[in-house]
Amino acid sequence: EIMVACDDVSRTYGTGPSAVVAVHGTTCTVPAGARIAIAGPSGSGKSTLLHLMAALERPTRGKVTWPGLPVTADTRAHLIGVVFQSPSLVPALNVAENTGLPLVIAGVDRSEVARRVAEALELVDVAELAAKLPEEISGGQAQRVAVARVLARRPRLVLADEPTGQLDHAAGRRLLDALLAATDHVQAALVVTTHDNAVADRLDTHWTMREGRLFTAVVQS
Ligand code: ADP
Ligand code: ADP
């Protein structure tokens, strides 16, 4: 089952002589349960490709489809979880409330929210921080809460855009441990963009981007 497929997808920013082709003629598929790293230097188009897969951006050419996910954009959005470089927690809400917020907004029943929040916090190893405010926890812990917030929605596809970009080596490793354990638990496919080879090495499949082009086999530099 294919979670997302890109068929000859390009994304250009701007027009005329100043146009930037961020993603160029890319074709790829992400099967259910896959764990894929997209490595490449800054500016090579990783983030744009991930945003296209998340339907946060539209391609200027080609097509992005989600064959294994339900058809309407609304139901599909529930099944795609995105983790950004920065956790963006709501400062006035504690860790548990932040984690459950998308579920509350979606109208999920209170006891079900509590159950899923507890499970998600456990999975990313921050259960003991449930009652803390974002300002009381470390950057690494906050980013793991951001992963828990995504997981609590039970996504089938998790897209993480430089999720360790603001963390030191140890915190980055723990974040990746959490992402891998959690996506394994909910059997979601995982795509991680990174410019760090130590991060890419933790995933099963290695793709590379160079100047907007995706190579689905490792490119020697
Ligand atoms: P990466 O994630 O590998 O750093 P990006 O996808 O962020 O690469 O960027 C690819 C190229 O597209 C870069 O040249 C970047 O400057 C350009 N770009 C990305 N987003 C925008 C935008 N919103 N407007 C204009 N140019 C953009
Ligand atoms: P992680 O716990 O994911 O490794 P860090 O490497 O960012 O996260 O932090 C290491 C430890 O330092 C944390 O476990 C935490 O106890 C402490 N710490 C770091 N920053 C803060 C902070 N702003 N407030 C409270 N504790 C912090």
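The values are calculated or read from the model by the stated rules, or taken from the named source; none is laboratory data. Everything numeric here is computed off the predicted structure, so don't read it as measured data. Every residue, glycine among them, receives a Cβ derived from its backbone with ideal geometry; neighbour counts consider all protein chains shown.
Just a few scattered comments:
- Residue that is surrounded by the most Cβ atoms within 10 Å (Cβ to Cβ), among those in segment 131-160 that are polar (S, T, N, Q) and assigned to a helix (DSSP H, G or I): 143
- Residue 154 falls short on exactly one of the conditions (1) on the phi > 0 side of the Ramachandran plot; (2) within 16 Å of ligand 2 (Cβ to nearest atom), and that condition is (2).
- One residue alone among 199, 191, 219 is farther than 21 Å from residue 98 by Cβ, within 16 Å of ligand 1 (Cβ to nearest atom) and at pLDDT 95 or above, and that residue is 191.
- Test: residue in segment 60-82 that is charged (D, E, K, R), at pLDDT below 95 and under 27 Å from residue 145 (Cβ atoms): yes
- In summary, residue 128 fulfils each of the numbered conditions (1) surrounded by 14 or more Cβ atoms within 10 Å (Cβ to Cβ); (2) part of a helix (DSSP H, G or I) with the single exception of condition (1).
- Residue count for segment 184-214 under the criterion of being surrounded by 22 or more Cβ atoms within 10 Å (Cβ to Cβ) and either part of a strand (DSSP E or B) or of a type in the set (D, E, K, R) (or both): the result is 9.
- Inter-residue pairs, beta-carbon under 7 Å, first more than 13 Å from residue 32 (Cβ to Cβ) and in segment 68-81, second among the aromatic types (Phe, Trp, Tyr), 6+ apart: 76/66
- Residue check, residue 166 out of contact with any Phe, Trp or Tyr (no Cβ under 7 Å at 6 or more places or on another chain), away from ligand 1 (no atom under 16 Å from the Cβ) and not β-branched (Val, Ile, Thr): no
- Extreme residue, nearest to ligand 2 (Cβ to nearest atom), among residues of segment 1-42 that are of a type in the set (S, T, N, Q) and either part of a helix (DSSP H, G or I) or touching a residue at least 12 places away in the same chain (Cβ under 8 Å) (or both): 42
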